[in-house]
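The next block holds one structure in the form of structure tokens; read it before the comments.
The values are calculated or read from the model by the stated rules, or taken from the named source; none is laboratory data. Bear in mind the structure is a predicted one, so any value in this text is a computation, not a measurement. Reconstructed Cβ throughout: ideal geometry from the backbone, glycine too, with neighbour counts over all protein chains shown.
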Amino acid sequence: MLRERRGAQVSPGTADDLQALTEIYNHYVRETAITFDTEPFTPEQRRPWLLSHPQDGPHRLLVARDLPDDPGDRLPGRLLGYATSSTFRPKPAYDTSVEVSVYCAPGAGGRGVGTLLYEALFEALRGEDLHRAYAGLTVPNEASVRLHTRFGFECVGTYREAGRKFGRYWDVARYEKALS
């Protein structure tokens, strides 16, 4: 699967992307409450996460890259972000559900990267034996709320003060979307 638009190209993430994926995630660990992880990771610590997202099946990892300025340049551009569909819960009855997320590199927000990634992710999931997609959004986060609403997610509730980071408690809004 390869998708190009808006000056970016989307493809499955690979082990070659691990360093850049870790750097993007660590930005959110250090600077935001978007993730409740509190300590940055090394690429080696993130390797099991990467390996839990094969290139087929319901658990995917897609990356978006800048398209090269020179069309003849075959080198991949800078990683702009990534989207995943992951195990929702570990028990077998949850196998037809996935949790989805999207992370944009610092400076890549507002370019439609999240939209491009989710378009490609939901296209890739079409035909899989999936019933629902879920997302947990630390709020407030208007950009993420807009993105998920645009893709048909509905807020089904909020966990109040679910996590403490940066010396304060944060709410987590739970969103869901039908897939079948």
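Quick notes
- Filter result (assigned to a loop (DSSP other than H, G, I, E, B) and not small (Gly, Ala, Ser)) within region 9-44: THR14, THR32, ILE34, THR35, PHE36, ASP37, THR38, GLU39, PRO40, PHE41, THR42
- Single unsatisfied condition, ASP16 versus (1) at pLDDT below 95; (2) acidic (Asp, Glu); (3) over 20 Å from LEU125 (Cα atoms): (1)
- Members of region 142-171 found to be more than 20 Å from GLU123 (Cα to Cα), basic (Lys, Arg) and loosely packed, with under 15 Cβ neighbours inside 10 Å, listed by number: ARG160, ARG164, ARG168
- Comparison of GLU176, GLU99, GLU119 shows that the only residue that is touching a residue at least 60 places away in the same chain (Cβ under 8 Å), of a type outside the set (A, V, I, L, M, F, W, C) and crowded, with 16+ Cβ neighbours inside 10 Å is GLU119.
- So ARG160, is it of a type outside the set (A, V, I, L, M, F, W, C), in contact with a strand residue (DSSP E or B) (Cβ under 8 Å, 6 or more places away or on another chain) and at pLDDT below 95: no
- Cβ-Cβ distances below 7 Å connect the following pairs, each with a first residue in region 102-115 that is in contact (Cβ under 8 Å) with a residue 12 or more places away in the chain, a second residue that is assigned to a loop (DSSP other than H, G, I, E, B), and a separation of six or more residues or different chains: ARG111/ARG6; GLY112/ARG6.
- All positions within region 54-81 that are modelled with pLDDT under 95 and under 13 Å from the mean Cα position of the chain (by Cα): none
- Region 147-169, residues that are under 17 Å from THR35 (Cβ atoms) and touching an Asp or Glu at 6+ places or on another chain (Cβ under 7 Å): TYR159, GLU161, ALA162, TYR169
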